[in-house]
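The values are calculated or read from the model by the stated rules, or taken from the named source; none is laboratory data. Predicted model, so just to flag it, every value in this text is computed and none were measured. We place every Cβ from the backbone using ideal geometry, glycine too, and count neighbours over all the protein chains shown. Please note that ligands, DNA and RNA were not included when accessible areas were found on the heavy atoms of the full protein model with its side chains. Shrake-Rupley method; radii C 1.70, N 1.55, O 1.52, S 1.80 Å.
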Amino acid sequence: MAAEARSPRARYREQNRAEIKAAALQQLAEGGVQAVALTRIAKDMGLSGPALYRYFAGRDDLLSELIRDAYDEAAQAVEQAAATPDGDPRAALHALADAYLGWAVAQPHRYLLIQGAPLPGYEAPPDTLLRARAAMGPFLKVFAAGVPAEALRPVVAEMTAWVRKEEGVADWLAQHTGLAPHDEAAGVALAGTVLAWSQLHGTVSLEVSGQYAGMGHRARTLLTAQIDTLADSFQL
């Protein structure tokens, strides 16, 4: 059965919510998360303060929506890179890292919203964890075929214990690799992903915040070297 058409009221509500989020993103780009103000958004849209609260319960509710959207778009960028057929795990790893870096550089205010300093008093909703893991998921599949160097065995052991203890982690791993917690490759996939994610965020954060300016190198060049070194460590 075809889905019923949305009512004019539902379409109007979605349109207003989209306009509110767009206005909040503009504020975010101009002054960071502290600049997001519902009263100013309401004034710019010609709405009363109480009217705005029909669409979002408050600033935290609005920020949560922006955070969800940012995670989803970051994950989409990485997943699109993963969908490119190649067959070379090292090339796939570079494609994933490059896609994430590209998204962050193009959307610095949104990257800093999800990865920057937390807003005092704000607590992100639990579902953002699942969205963050979605962006990391394609890395799991690449590292599942790796053979870690001896120096990485302690990390693999910790990740193995983690996946066998946490059902949510096991489900996440299975979704992207088909591996069960007892599979030897499970800990390897998690170890590689966590290490890659740590290096990726270190480089991306410094690039987005302008810390590399005047240092004589590009973030992409540095990230390429880091990914190659990690790939060597897992024999990819």
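So is ALA144 crowded, with 19+ Cβ neighbours inside 10 Å and more than 18 Å from ALA74 (Cα to Cα) or not? Spelling it out, ALA144 is indeed crowded, with 19+ Cβ neighbours inside 10 Å and more than 18 Å from ALA74 (Cα to Cα).
Per the listing VAL188, VAL194, the residue uniquely under 26 Å from ASP98 (Cα atoms), of a type outside the set (D, E, K, R), open to solvent by less than 30 Å² (accessible area, probe 1.4 Å) and in a helix (DSSP H, G or I) is VAL188.
Looking at region 24-40, which of its residues are surrounded by 13 or more Cβ atoms within 10 Å (Cβ to Cβ), assigned to a helix (DSSP H, G or I) and at pLDDT below 90?
Going residue by residue through region 24-40, those that are surrounded by 13 or more Cβ atoms within 10 Å (Cβ to Cβ) are 24-29, 32-33, 35-38, 40.
Among the residues that remain, those that are also assigned to a helix (DSSP H, G or I) are: 24-29, 33, 35, 38, 40.
If the condition is that a residue be surrounded by 13 or more Cβ atoms within 10 Å (Cβ to Cβ), assigned to a helix (DSSP H, G or I) and at pLDDT below 90, then VAL33, ALA35, LEU38, ARG40 are the ones that fit.
Note on region 200-236: residues that are out of contact with any Asp or Glu (no Cβ under 8 Å at 6 or more places or on another chain), in a helix (DSSP H, G or I) and aliphatic (A, V, I, L, M) total 9. Of all residues in region 157-185, those that are in a helix (DSSP H, G or I), open to solvent by 10 Å² or more (accessible area, probe 1.4 Å) and either over 27 Å from ILE114 (Cβ atoms) or of a type in the set (Val, Ile, Thr) (or both) total 7. Residues that are more than 22 Å from ASP232 (Cβ to Cβ), aromatic (Phe, Trp, Tyr) and out of contact with any His (no Cβ under 6 Å at 6 or more places or on another chain) do occur in region 172-192, at least one of them.
Restricting the search to region 71-91, which residues are more than 14 Å from LEU223 (Cα to Cα) and among the hydrophobic types (A, V, I, L, M, F, W, C)?
ALA74, ALA75, ALA77, VAL78, ALA81, ALA82, ALA83
Here ALA42, ALA22 are screened, and the one residue that is under 24 Å from the mean Cα position of the chain (by Cα) and of a type outside the set (D, E, K, R) is ALA22.
Would you point out the residue of region 97-135, among those that are in a helix (DSSP H, G or I) and open to solvent by 50 Å² or more (accessible area, probe 1.4 Å), that is nearest to THR224 (Cα to Cα)?
The extreme case among them is ASP98.
The requirement of being over 22 Å from LEU236 (Cα atoms) and within 13 Å of the chain's Cα centre (by Cα) is not satisfied by GLY214.
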